[in-house]
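Quick note: the coordinates plus some simple rules give every number you see, no bench work behind them. Since the model is a prediction, treat every value here as computed from it, not as a measurement. No Cβ is skipped: glycine too gets one built from the backbone with ideal geometry, and neighbour counts run over all protein chains shown.
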Amino acid sequence: MAKIKGTIIVDIERCKGCGVCVPSCPANVLALSHHVNGKGYNYSYMANPDACIGCASCAIMCPDSVITVYRQKFE
Amino acid sequence: MKKEVRLMKGNEVLAEAAIRCGADAYFGYPITPQSEVMETLMELQPWETTGMVVLQAESEVAAINMVYGAASTGKRVLTSSSSPGVSLMSEGFSYLAGAELPCVVINVTRGGPGLGTIQPSQSDYFQATKGGAHGDFHLITLAPSSVQEMHDFVFDAFELAFKYRNPVMILSDGVIGQMMEKVVLADQRPRRTEAEVIAAEKDWALTGKTADREEHVITSLELDPYAQERFNEKLIAKYNKVRENEVRYETYKTEDADYIIVAFGSAARICTMTVDMAREAGYKVGLIRPITLFPFPTKAIAEMAAKGAKGFLSAELNHGQMVEDVRLAVNGKAPVEHYGRSGGAVFSPDEVYNALLTKIIKK
Amino acid sequence: MAELEVQIKEENLVYRKSPLLTDKIMHYCPGCSHGTVHKLVAEVIDELGIQEKTIGVSPVGCSVFAYNYLHIDWSQAAHGRACAVATGIKRTNPDKMVFTYQGDGDLAAIGTAETIHACNRGENIAVIFINNAIYGMTGGQMAPTTLIGMKTATSPYGRDPKIHGFPYKIADIVSQLSGTCYVTRQSVHTPAAVRKTKAAIKKAFENAMAGKGLSFVEVVSTCNSGWKMSPVDANKWMEENLVPFYPLGDIKG
């Protein structure tokens with residue numbers, strides 16, 4: 001059976017850690033990291049990467065456009 | 001080619017000159033005594049001929065900001081109003097100067113302060129020459145004294161506005177705006193094409209960001225105080241260049257004069273007769289008429305003082321505004337007095353003559 | 001299936017930052033709605049292929065610096081005067097796509113006259129109105145759209161209509177005017193809402209280019225710093241409090 005899988009790349013240094021991407025994810029993939037970036041923000045990351053479906057909801061919500069989304073279909 | 005000559009009202013000729021000099025737009029709001037400017041434009045419908053836009057705004061505040069918008073795109077744009085309306089526009093002057101935008105503003109002055117009167121006055125001299133709003137800036141200010149100059153100065157004002165990227169004011173008054181005189185009209189000049197605007201104002205005008213250039217931003221905002229200071233210094237350098245290159249004035253019988261009347265606009269016309277009256281009575285009196293109020297003909301007046309003029313009378317339709325610039329120019333070398341009427345009252349040549357006698361000659 | 005790894009290559013790309021956005025880091029607070037709406041404007045301009053035709057007018061307020069973030073030509077207007085500035089641009093450049101981007105203080109307080117009259121003249125421009133019911137830039141003072149009871153720096157005990165007057169719905173007012181062709185109220189607090197707002201902005205820009213009159217897109221937004229809550233809580237608070245008073249959806253057209 002085919003499976004669609006996604007992944008995101010967060011531009012960590014541009015992320016302000018606002019967290020609006022976290023509840024927008026229908027697959028509960030995202031969380032704010034315990035680590036901070038150069039500005040001191042707890043940046044967004046994939047806490048549960050296997051669940052990502054590449055829907056781009058997080059990227060659409062991100063006010064700072066720091067999320068790039070990829071998706072691939074595996075047969 | 002034979003020039004077109006007509007008998008026209010000052011306000012009407014402003015409209016005619018705006019069209020003929022190839023202006024792209026006029027935005028205004030009715031106010032006495034200059035309403036004929038927009039009335040004439042609406043009657044002439046230049047959008048059908050040259051393509052010039054004419055729009056009646058909801059207020060002078062809106063009108064000057066429409067000017068700001070159109071000027072942002074490199075268009076030749078003007079507005080006109082009278083004193084209370086010009087006060088409403090003054091915020092816009094500061095933004096236009098701060099964003100270095102060219103435009104032409106006409107003030108057909110009436111008596112103030114407040115709503116004041118609808119009769120002619122020169123009581124907006126300070127506002128027109130000292131910036132007239134917040135921040136370190138100046139308008140370049142031209143003062144016509146005839147209907148012909150109302151026509152000619154529209155052309156000159158646009159030239160100065162684009163040469164220095166600064167708003168230019170034509171400071172007229174209800175006398176010049178309402179009276180009719182013979183005027184020689186210039187031939188119609190074409191409006192600039194889009195390609196000409198892009199070529200001429202390629203460094204700053206909002207013509208649409210293309211791949212070959214960075215985006216253009218028209219703004220007067222700066223958060224860094226040192227950058228703002230550097231910008232202000234650049235503006236001041238520009239105004240110094242204006243002071244150096246653009247001073248205009250006219251003299252009447254000043255060569256041998258012991259006493260000098262300084263007057264601009266409609267007041268200067270009246271004072272020409274005062275000079276003749278004084279000459280008939282045996283007094284050597286001359287007149288200097290500043291045509292540019294900013295830059296002020298400081299040097300010319302200083303030279304008259306240095307050559308031994310015994311006294312200066314600044315005759316203005318106000319309670320003493322230009323006299324401050326005359327005093328600065330004379331710098332204590334001779335007495336400088338003011339004579340004026342205000343509130344819409346206009347002095348006669350003999351009133352000025354009497355003032356000259358009592359305040360200067362027989363003092 | 002954990003061994004399946006998505007390859008990072010162009011053909012797998014679903015979403016990336018619009019090329020119309022500059023690389024400058026936005027000065028907005030974390031979670032601010034402005035960033036999201038800026039992004040939508042950039043995407044719409046890119047998708048319509050109108051970068052060379054578009055001139056934006058930025059206001060006074062937090063979004064005064066909108067001109068730093070999009071690769072288009074911008075004019076920055078005096079406080080409240082964006083619609084007049086846009087009128088001047090559009091009337092003298094009828095082939096350009098002209099839009100204003102304004103907050104509630106700029107558009108609905110100091111600029112009410114310019115807004116109403118541009119709408120009433122039916123200027124062929126698009127107006128994007130960010131309504132977060134507060135003055136963000138000056139430090140969280142009361143806006144004309146601040147709700148009754150809402151605490152701000154200038155209504156510290158809550159907005160009391162006896163002292164401060166009532167909030168008003170300017171989108172409803174401009175929808176009554178003959179010159180507006182499209183008036184809508186949207187939000188950007190969920191992915192679905194963001195998609196709808198983008199469609200609204202696109203429609204507004206298309207209307208402006210087609211000369212149909214003025215399109216007015218209100219975006220009910222958050223100001224989490226001004227409201228003194230987290231960005232996620234602000235989205236919730238907005239849905240529970242602002243949206244009932246400023247209901248979402250098309251009002252006209």
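Can you spot the lysines whose alpha carbon is less than 24 Å from B:Lys3's alpha carbon? Ignore those fewer than 8 places along the same chain.
Partners found: B:Lys182.
Simple spin-label model, 7 Å along Cα-to-Cβ: B:Trp204 to B:Val184 in nm?
Roughly 3.4 nm, to one decimal.
At a Cα cut-off below 19 Å, give the lysines reachable from C:Lys96, other chains included and same-chain residues fewer than 8 away excluded.
Partners within reach: B:Lys75, B:Lys202, B:Lys209, C:Lys53, C:Lys202, C:Lys203, C:Lys212.
Can you give the FRET efficiency for B:Lys359 and B:Asn232, using 1/(1 + (r/R0)^6), R0 = 51 Å, r = Cβ-Cβ distance, to the nearest 0.05?
So the FRET efficiency works out to roughly 0.85.
Pop a pseudo-label 7 angstrom from the Cα along the beta-carbon direction at both C:Leu4 and A:Val36 and give the gap in nm to one decimal.
3.9 nm
Run lengths n ≥ 4 of DSSP H only: what is the helix-derived mean residue ellipticity at 222 nm for chain C, with -39500 (n - 2.57) per run over all residues, to the nearest 500?
It lands at -9000 deg cm²/dmol.
Identify all lysines with a Cα-Cα distance to A:Lys3 below 24 Å; exclude those on the same chain that are fewer than 8 residues away in sequence.
The reachable lysines, counting only those whose Cα sits under 24 Å from A:Lys3, are A:Lys73, C:Lys9.
What do you get for Rg/Rh of segment B:304-363 when both radii come from the Cα atoms and Rh is the Kirkwood radius?
Dividing the radius of gyration by the Kirkwood radius yields 0.98.
So for segment A:3-74, what percent of the C-alpha to C-alpha distances run longer than 20 Å?
Counting every Cα pair in segment A:3-74, those more than 20 Å apart make up 22 percent.
With the cut-off at 1.5 for a/c, could you classify segment C:28-252 from its C-alpha gyration tensor as rounded, prolate or oblate?
Prolate is the answer for segment C:28-252, as a/c is 1.5 or above and a/b outweighs b/c.
Anyone know which of B:Pro113, B:Pro46, B:Pro33 comes out most mobile in the 10 Å Cα GNM of chain B?
In the Gaussian network model the winner is B:Pro113.
Between C:Tyr135, C:Tyr69, C:Tyr15, find the one with the highest GNM mean-square fluctuation for chain C; connect C-alpha pairs within less than 10 Å.
C:Tyr15
Extension gain C:Glu240-C:Tyr168, at 0.36 nm per residue separation less the Cα-Cα distance, in nm?
24.1 nm
If neighbour count is taken as other Cβ atoms inside 10 Å, put B:His319, B:His138, C:His189, C:His27 in order from fewest to most.
B:His319, C:His27, B:His138, C:His189
What is the distance in Å between the Cα centres of segment C:224-253 and segment B:219-274?
If you average the Cα positions of each part, the centres end up 54 Å apart.
Let me know the volume per residue of the alpha-carbon convex hull for segment B:4-194, in Å³.
96 Å³
How high is the FRET efficiency between A:Ala27 and B:His134 when r is their beta carbon distance and R₀ equals 51 Å, given to the nearest 0.05?
It comes out at approximately 0.40.
Relative contact order for chain A: what is it in percent, counting Cα pairs under 8 Å that are at least 6 residues apart?
46 percent.
Below 8 Å, C-alpha to C-alpha, sequence gap of six or more: please give me the relative contact order for chain C in percent.
After rounding, I find 18 percent.
Given just the C-alpha atoms of chain B, how large is their convex hull per residue in cubic angstrom?
148 Å³
Under a 10 Å cutoff between Cα atoms, tell me which one of C:Gly140, C:Gly122, C:Gly158 has the largest fluctuation in the Gaussian network model of chain C.
With Cα springs under 10 Å in chain C, the top fluctuation among C:Gly140, C:Gly122, C:Gly158 is at C:Gly158.
For the protein assembly as shown, what number results from the quotient of the Cα radius of gyration and 2.2 N^0.38 Å?
Scaled against compact globular proteins, the figure is 1.14.
Between segment C:131-191 and segment B:124-176, what is the separation of their alpha carbon centroids in Å?
41 Å
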